[in-house]
Amino acid sequence: MIVTMKNLIASRLREGKLKEAGRHLYYRMFNGLHRLNRWIDSIESGETDEEILISMKNGLRLFLPANREPSGQYTVNRESREFRYGCLRKLNKLRQIDIDRYSAALSIVKTVFVDRTYERDRRLRSGDLIVDCGANVGVFCLYAARVVGPRGRVIAIEPEPNNLHILERNIRLNNLTWCHIVPVGLWDRRGTADLFSGPDSGSHTMIEKNTSSVRVPVDTLPNILDNLGIGAVKFIKMDIEGAEIRAIAGMTDFLEHHRPPLAIESFHRVNGQPTHQILGPVFWKIGYTVHIVDGYLYARTETVTGDGERDGSH
């Protein structure tokens with residue numbers, strides 16, 4: 001129904017009062033920013049002028065950084081139709097702040113809490129051991145830690161120094177002692193690499209060069225897990241801005257042996273191709289089932305557990 005109504009408004013109605021009325025109706029009924037606003041209990045100033053502190057309805061509290069530069073690539077902004085056509089009352093918390101300035105961080109919160117994008121193929125469970133590749137400032141890490149609980153564990157891999165500082169504060173603020181930070185970039189070998197700065201916390205990259213960079217340690221996931229004394233994991237989330245091709249190349253033996261499910265942001269372009277087009281055949285070759293939704297790659301191998309449920313990991 002949602003897709004049908006949206007397509008009808010977009011393709012069948014001419015620009016004018018009727019189409020505007022249709023947009024108002026649609027975005028009053030189906031609005032991700034309304035749902036994000038409901039997830040937020042309060043928004044207050046952070047410890048500096050460059051951050052805010054949001055309290056979520058599930059009890060988590062998150063420091064979120066402002067964009068370093070204006071960025072129009074994110075869906076949470078004042079020009080988005082969800083914001084323009086949204087109900088003022090249902091956006092009462094988001095309207096307190098300059099959402100354009102915090103568009104990157106708020107978009108990650110929406111992706112994790114509202115859309116649950118990384119859980120489309122497998123829900124997180126109590127007691128899981130989760131690897132968060134590209135932990136950023138900790139939005140998914142904290143969300144996952146709350147779900148898996150103290151019987152589980154979250155390994156947060158993040159190389160960027162400013163992100164690491166906020167990630168550490170967020171974990172400490174929420175007393176999530178079962179989160180472990182690994183301050184490296186994920187790659188196909190152990191060593192160092194240039195991490196190039198982006199306009200916001202979510203767009204630093206080792207793939208697209210620019211004039212501002214920092215040298216960071218890099219390593220493969222198997223090496224990282226070996227150093228921690230970890231064998232099998234239950235789920236891998238990955239958002240590493242185009243480095244996913246090199247990172248997966250460094251863990252194919254691990255994946256073939258342990259077969260954890262993965263959710264990878266893979267709409268980044270490398271050599272003119274979105275990375276999911278390059279990664280798909282890699283996963284098929286080692287026996288994974290792959291599907292792509294909105295630029296995210298979901299890879300899993302299915303087994304049937306003792307209670308008859310399907311599980312994406314052995």
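The values are calculated or read from the model by the stated rules, or taken from the named source; none is laboratory data. Given the structure is predicted, the values throughout are model-derived calculations rather than measurements. In this analysis, Cβ positions are derived from the backbone assuming ideal geometry, glycine residues included, and neighbour counts consider all displayed protein chains.
I'm trying to understand the selection: among the residues of region 216-247, which are over 27 Å from SER126 (Cα atoms), in contact (Cβ under 8 Å) with a residue 40 or more places away in the chain and more than 18 Å from the chain's Cα centre (by Cα)?
Result: VAL216, PRO217, VAL218, ARG246.
Quick check on region 112-137: of everything there that is touching a helix residue (DSSP H, G or I) at 6+ places or on another chain (Cβ under 8 Å) and of a type in the set (D, E, K, R), which residue is surrounded by the fewest Cβ atoms within 10 Å (Cβ to Cβ)?
Taking region 112-137 as the starting set, the residues that turn out to be touching a helix residue (DSSP H, G or I) at 6+ places or on another chain (Cβ under 8 Å) are 112-115, 117-118, 124-133, 135-137.
If we keep only those that are of a type in the set (D, E, K, R) too, we end up with 115, 125, 128, 132.
On the way: ASP115: 16, ARG125: 14, ASP128: 20, ASP132: 29.
Looking at residues that are touching a helix residue (DSSP H, G or I) at 6+ places or on another chain (Cβ under 8 Å) and of a type in the set (D, E, K, R), I get ARG125.
The conditions are (1) within 30 Å of ASP100 (Cβ to Cβ); (2) out of contact with any helix residue (DSSP H, G or I) (no Cβ under 9 Å at 6 or more places or on another chain); (3) among the hydroxyl-bearing types (Ser, Thr, Tyr), and SER203 fails exactly one of them. Which is it?
Against the list (1) within 30 Å of ASP100 (Cβ to Cβ); (2) out of contact with any helix residue (DSSP H, G or I) (no Cβ under 9 Å at 6 or more places or on another chain); (3) among the hydroxyl-bearing types (Ser, Thr, Tyr), SER203 comes up short only on (2).
Looking at (1) in a helix (DSSP H, G or I); (2) within 27 Å of GLY149 (Cα to Cα), can you tell me which one HIS34 breaks?
(2)
Can you find a residue in region 165-180 that is touching a His at 6+ places or on another chain (Cβ under 9 Å) and surrounded by fewer than 22 Cβ atoms within 10 Å (Cβ to Cβ)?
No: zero hits.
For region 138-149, indicate whether the set of residues that are in the same structural domain as ALA247 (by TED's automatic domain parsing), surrounded by fewer than 24 Cβ atoms within 10 Å (Cβ to Cβ) and β-branched (Val, Ile, Thr) is non-empty.
Yes, there is a match, as at least one residue in region 138-149 is in the same structural domain as ALA247 (by TED's automatic domain parsing), surrounded by fewer than 24 Cβ atoms within 10 Å (Cβ to Cβ) and β-branched (Val, Ile, Thr).
Hey, does region 161-169 have a residue that's of a type in the set (A, V, I, L, M), farther than 24 Å from GLU69 by Cβ and at pLDDT 95 or above?
No, region 161-169 contains no residue that is of a type in the set (A, V, I, L, M), farther than 24 Å from GLU69 by Cβ and at pLDDT 95 or above.
So that you can scan it fast, the table gives a plain yes or no per residue for (1) at pLDDT below 95; (2) not charged (D, E, K, R):
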{"residue": "SER103", "(1), (2)": "yes, yes"}
{"residue": "THR111", "(1), (2)": "no, yes"}
{"residue": "GLU119", "(1), (2)": "no, no"}
{"residue": "LEU129", "(1), (2)": "no, yes"}
{"residue": "ASP132", "(1), (2)": "no, no"}
{"residue": "ALA135", "(1), (2)": "no, yes"}
{"residue": "TYR143", "(1), (2)": "no, yes"}
{"residue": "ILE155", "(1), (2)": "no, yes"}
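Within region 79-198, considering only strands (runs of 3 or more DSSP E) that don't extend past its boundaries, which have at least 1 residues that are polar (S, T, N, Q)?
Correct list: 191-196.
Consider region 147-162. How many of its residues are in contact (Cβ under 8 Å) with a residue 40 or more places away in the chain and either closer than 16 Å to THR111 by Cβ or acidic (Asp, Glu) (or both)?
1
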